[in-house]
Amino acid sequence: MKIRMKLMMTAFVALVSATTSADKLSTEQFKAIAEEGYIYGLPLVMNYAVMNEYVVDKNSGQYKAPFNQIKNEPRLYTYKDTTILSPNSDTPYSIAWLDLRAEPVVITVPEVDKGRYYSAQLVDGNLYNAGYIGSRATGNEAGSYAVAGPDWQGDTPEGVRKVFQSTTPFMFVIYRTQLFDAQDMPKVEKVQAGYKVDLLSAFQGSPAPAAPPEIDFIPANSAGVKAHFWSYLSAALEYIPESDRDKDIRAKLASIGVEPGKTFDMTSLSLEQRQAMAEGMKAGDAKVNQFVASGATDVNGWQVGSMWGDSAFYNGDWLKRAGGAKAGIYGNDAAEAMYLLARSDSKGQLLDGSKHDYTLTFAADQLPPVNAFWSVTMYYGDSQLLVENPINRYLVNSAMVPDMKKNADGTLTLYIQHNSPGKDKESNWLPAPDGPIYMALRMYWPTPASEASTVLPPGKGTWQPPGIEVAD
């Protein structure tokens, strides 16, 4: 409540200051700042909205748990999960939002069977992947790891293997635990039960520091990202320390009244300025969409690239970061998982389940090369959400291959269509929407670039995905 009162007390001063600065800008300058600001801010706003729905608003319909508590979900995501774009339906999730303001938080993981892939992805408020715990990064043995906020300094605590540093006071931890089949869920639940988060003081058994002040967060939700974009961005920036990389764009945003700790008021702008804001957002969104469509290498209709990584990976390229958020927020680094995305068939025509049936055929012994597993997931082309279908199948993955039918020459064909291909082919059916299609080929822990068959480096690997072909 104290923080909300502070915002209210400074709102009038901010309004006067923003109006004065904005009046000095031409309409074209205003539009240019709005365009650049939208591209910079889109991932921050999307993340802020998810945080509100998952950990702040208990009535959001998507609420998971309070800060510094794990929410285990012993299930796979379905079409009913609508907060995150392009959700993974391969691995049951466990999630935790960490509040690092008072002290570091310690993440403890159990020993996991060597044949089972798992990972804990650490994502801060800048949408930087700050690090990984899991099969690829740290192995499958038990261990404890600390996550510290941007201002924390100190040595690695006793009993902790490594300290990860966040650029923001709040961090999202996404655990993915491999599920082999429906009967395997009890074993996944056992692994999930071993995931722990503790404040460092509790982990060490020492006195806790003073608790951080309670925050009355500005309400936000994923459905309101575009309608309330600038208000959400002002709210999100309150919890994202300025850096050398973003100080210039943040100064520009402040000139139009979008800055941390100050309530953005659209009504303070002239009609021309509001129009310029709307046009700037539209132009920025078009650039993000274009980047998603062409910011990777086209390989047989699949976009093969990597749009997710740490702060060094983005290095101030806000368009790349926005493209990653739009393509699928919270994507993994390429070394952890490769995402091959498709909206077009092998001839470059847009995929549409209302117009065509399709096939995807893997050559004999040419399945995606991975150390863990792969999957092909279907989404609605417009919303990028999982597709409701009569057999409740949202993907085809490597664990399903033994139960699928292969062709006489050893090839494996997937039938991608809205209606059933017939009972004799349903084992290989990936149900599609009756309209635009968006697909993701995920490769978890892809074989490294040093191996003979690999998708790495992105767009230049020796293994290439087969094209999606029109079947009728």
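We did not get these values from a lab; they are worked out from the coordinates using the rules stated. Computed from a predicted model, the values in this text were never measured in an experiment. Positions of Cβ are generated from backbone atoms using ideal geometry, with glycine treated the same way; all protein chains shown enter the neighbour counts.
Things to note:
- Cα-based equivalent ellipsoid of segment 189-250: semi-axis lengths in Å, sorted from largest, via gyration tensor: 33, 20, 14
- Among beta bridges that DSSP assigns inside the chain, antiparallel share in %, nearest 5: 90
- Helix-only [θ]222 nm of the chain, DSSP H runs n ≥ 4, -39500 (n - 2.57) each, per residue, nearest 500: -8000 deg cm²/dmol
- For N140, nonlocal amide neighbours, meaning residues 5 or more places apart or on other chains whose placed amide H falls under 5 Å from its own, do not occur.
- Spacing of the two label points (7 Å from each Cα toward its C-beta) at T156 and N59, in nm: 4.7
- Using alpha carbons only: equivalent-ellipsoid semi-axes of segment 127-206, gyration tensor based, whole Å: 26, 15, 12
- Derived scalar couplings between HN and Hα for segment 119-135 equal 8, 10, 9, 9, 10, 8, x, 7, 6, 9, 7, 6, x, 9, 10, x, 3 Hz in order, rounded to whole Hz, by the Karplus curve 6.51 cos²θ - 1.76 cosθ + 1.60 (θ = phi - 60°), x for Gly and Pro.
- C-alpha long axis of helix 27-51 to longest principal axis of the chain, angle in °: 70
- Computed log₁₀ I(q)/I(0) - Debye formula, equal Cα scatterers, no solvent, the chain, q 0.06 Å⁻¹: -0.28
- In degrees, nearest ten, helix 2-23 long axis to first principal axis of the chain (Cα): 80
- Per residue convex hull volume, Cα atoms of segment 160-215, in Å³: 152
- Segment 357-437: radius of gyration over Cα atoms, expressed as a fraction of 2.2 N^0.38 Å: 1.09
- The long axis of helix 318-328 is offset from the longest Cα principal axis of the chain by roughly 50 degrees.
- Computed E for A223/K190 - FRET, C-beta separation, R0 30 angstrom, nearest 0.05: 0.25
- Basic side chains Lys and Arg get +1 at the Cβ, acidic Asp and Glu get -1 at the Cβ, and with that the dipole of segment 310-463 about its Cα centre reaches some 160 debye.
- Computed about its Cα centre, the charge dipole of segment 67-122 is approximately 120 debye, with only Lys, Arg, Asp and Glu carrying charge at their Cβ.
- Protection proxy ranking, highest mean first, for peptides 226-234, 128-136, 57-65, 108-116: 128-136, 226-234, 108-116, 57-65, where packing is the per-residue count of other beta-carbon atoms within 10 Å, averaged.
- Longest to shortest principal axis, alpha-carbon extents of segment 73-183, angstrom: 44, 32, 18
- Amide H partners (placed H, <5 Å) of D216, local residues excluded: I3, R4
- For segment 228-238, backbone phi angles converted through the Karplus equation (6.51, -1.76, 1.60; θ = phi - 60°) give residue-by-residue couplings of 10, 3, 6, 5, 4, 5, 4, 5, 5, 5, 4 Hz, Gly and Pro being listed as x.
- Derived scalar couplings ³J(HN,Hα) [segment 399-408; Karplus, 6.51 cos²θ - 1.76 cosθ + 1.60; whole Hz; x for Gly, Pro]: 5, 8, 4, x, 9, 9, 8, 9, 6, 4
- From the alpha carbon centroid of segment 444-472 to that of segment 364-413 is 15 Å.
- Evaluated at q = 0.14, 0.15 Å⁻¹, the base-10 log of the normalised Debye intensity for segment 275-415, with identical point scatterers placed on the Cα atoms, takes the values -0.81, -0.92.
- Straight-distance crosslink candidates among lysines, where the alpha carbon sits under 16 Å from K423 and sequence neighbours closer than 8 are dropped: K405, K406
- Taking each of K252/K282; K226/K355; K64/K326; K80/K190; K326/K347; K31/K226 in turn, the alpha-carbon distance tops 20 angstrom for K226/K355; K64/K326; K80/K190; K326/K347.
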